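Peer 1: I have a structure I would like to understand better, so I am pasting it below and will then ask my questions one at a time.
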Amino acid sequence: MKILFSPSETKIAAGNEISFDENSFIFPELFEKRMEIVKQYNDFILNASKEELIKLFGTKKEDVIEQYSKDLFKTPTMKVIQRYDGVAFDYLEYSKLKSNEKAYLDENVLIFSNLFGVLKAGDIGLPDYKLKQNETFNNLKIEKFYNDNFSKALDEYLKDEDIIDLRAGFYEKFYKIEKPYTTMKFIKEGKVVSHWAKAYRGIILKLMAKNSVKTIDELMNMEVENLRIEEIKEVKIKTEIVYSII
């Protein structure tokens, strides 16, 4: 089983004094293709005007702009899943998990970065970077680039796996699933929720790790506190579990 997951815009600003190379990320054979985007980003931030950086980073805070306009290839790195710090990752509480639970996530979760593309949670070379969701540079269509260049490798990687897609809608543009998969929707009082959807994605991912979930049936039988399955929708290759927050 593989779980597709979103990144977060907020990140942990720390890491080891190690740069990244072709052995740092999943699909080493595509490292140079990945670097086509990363190097353009790095060149852009090193030469951009303050106004361009404000737009790219989505903030006017001077300290944040200064922090993220440094050479990415000289920035300390850390494990992918430990880099992110948004709502879903707060509820996942990776640092509190047992070693076997961490190993489950490291091996089975794919996180779709809007700069680095698809990454394995256990990949070890991710620097601290900032790129506002749906923002770009040099007129690049980054999501199309990764969809065009990484989909074949992902199709092969996922061909024998059950797939749980917990990505937010924006990150679906980086890879379109071409085989049956399962996704989730979270509603409260009949309305789709945003903040709590992120939180429950993290909660469910944590429970999957704790229970070492390997099949869709095991997932469906997993009890989640304050969630109730309202219905299961099947449309073509997508099965959507609709959870009600109670």
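Peer 1: What pairs come up if the first residue lies in region 131-148 and is assigned to a helix (DSSP H, G or I), the second is crowded, with 17+ Cβ neighbours inside 10 Å and among the charged types (D, E, K, R), and their beta carbons are under 6 Å apart, counting only those six or more places apart or on different chains?
Peer 2: So the pair list comes out as Glu143/Lys173.
Peer 1: Considering every residue within region 152-162, establish whether at least one is on the phi < 0 side of the Ramachandran plot, of a type in the set (Ser, Thr, Tyr) and buried (at least 17 other Cβ atoms within 10 Å of the Cβ).
Peer 2: no
Peer 1: Given (1) assigned to a helix (DSSP H, G or I); (2) touching a strand residue (DSSP E or B) at 6+ places or on another chain (Cβ under 6 Å), identify the lone condition not met by Asn100.
Peer 2: Of the numbered conditions (1) assigned to a helix (DSSP H, G or I); (2) touching a strand residue (DSSP E or B) at 6+ places or on another chain (Cβ under 6 Å), the odd one out for Asn100 is (2).
Peer 1: Just name the residue that is surrounded by the most Cβ atoms within 10 Å (Cβ to Cβ) out of those in region 191-246 that are in a loop (DSSP other than H, G, I, E, B) and in contact (Cβ under 8 Å) with a residue 60 or more places away in the chain.
Peer 2: Across region 191-246, the extreme among qualifying residues is Val213.
Peer 1: Another question about this same structure. Please verify whether region 19-29 includes one or more residues that are assigned to a loop (DSSP other than H, G, I, E, B) and over 30 Å from Lys159 (Cα atoms).
Peer 2: Checking region 19-29: at least one residue is assigned to a loop (DSSP other than H, G, I, E, B) and over 30 Å from Lys159 (Cα atoms).
Peer 1: Now for a separate question. Consider only pairs whose beta carbons are under 6 Å apart and that are at least six residues apart or on different chains; among these, list those whose first residue lies in region 62-91 and is assigned to a loop (DSSP other than H, G, I, E, B) and whose second residue is surrounded by fewer than 19 Cβ atoms within 10 Å (Cβ to Cβ) and acidic (Asp, Glu).
Peer 2: Going by the 6 Å Cβ cut-off, the qualifying pairs are Thr75/Asp128; Pro76/Glu17.
Peer 1: Let me ask something additional. Residue check, Leu56 against (1) closer than 26 Å to Asp165 by Cβ; (2) hydrophobic (A, V, I, L, M, F, W, C); (3) part of a helix (DSSP H, G or I), all met but one. Which one?
Peer 2: Condition not satisfied by Leu56: (1).
Peer 1: Can you spot a residue in region 105-127 that is of a type outside the set (Ser, Thr, Tyr), in a helix (DSSP H, G or I) and more than 27 Å from Ser194 (Cβ to Cβ)?
Peer 2: Looking for residues that are of a type outside the set (Ser, Thr, Tyr), in a helix (DSSP H, G or I) and more than 27 Å from Ser194 (Cβ to Cβ), one finds at least one in region 105-127, hence yes.
Peer 1: Might you let me know whether region 136-154 holds any residue that is farther than 30 Å from Glu62 by Cβ and either aliphatic (A, V, I, L, M) or at pLDDT below 95 (or both)?
Peer 2: yes
Peer 1: Kindly indicate which of Glu143, Glu51, Glu93 is within 25 Å of Asp162 (Cα to Cα), surrounded by fewer than 18 Cβ atoms within 10 Å (Cβ to Cβ) and not aliphatic (A, V, I, L, M).
Peer 2: After ruling out the rest, the residue left standing is Glu93.
Peer 1: Same structure again: Run down Ser69, Ser24 and say which single residue is crowded, with 16+ Cβ neighbours inside 10 Å, out of contact with any His (no Cβ under 6 Å at 6 or more places or on another chain) and closer than 24 Å to Asn147 by Cβ.
Peer 2: None of the other options fit; the residue is Ser24.
The values are calculated or read from the model by the stated rules, or taken from the named source; none is laboratory data. As the structure is a prediction and not an experimental result, all values here were calculated from the model. Every residue, glycine among them, receives a Cβ derived from its backbone with ideal geometry; neighbour counts consider all protein chains shown.
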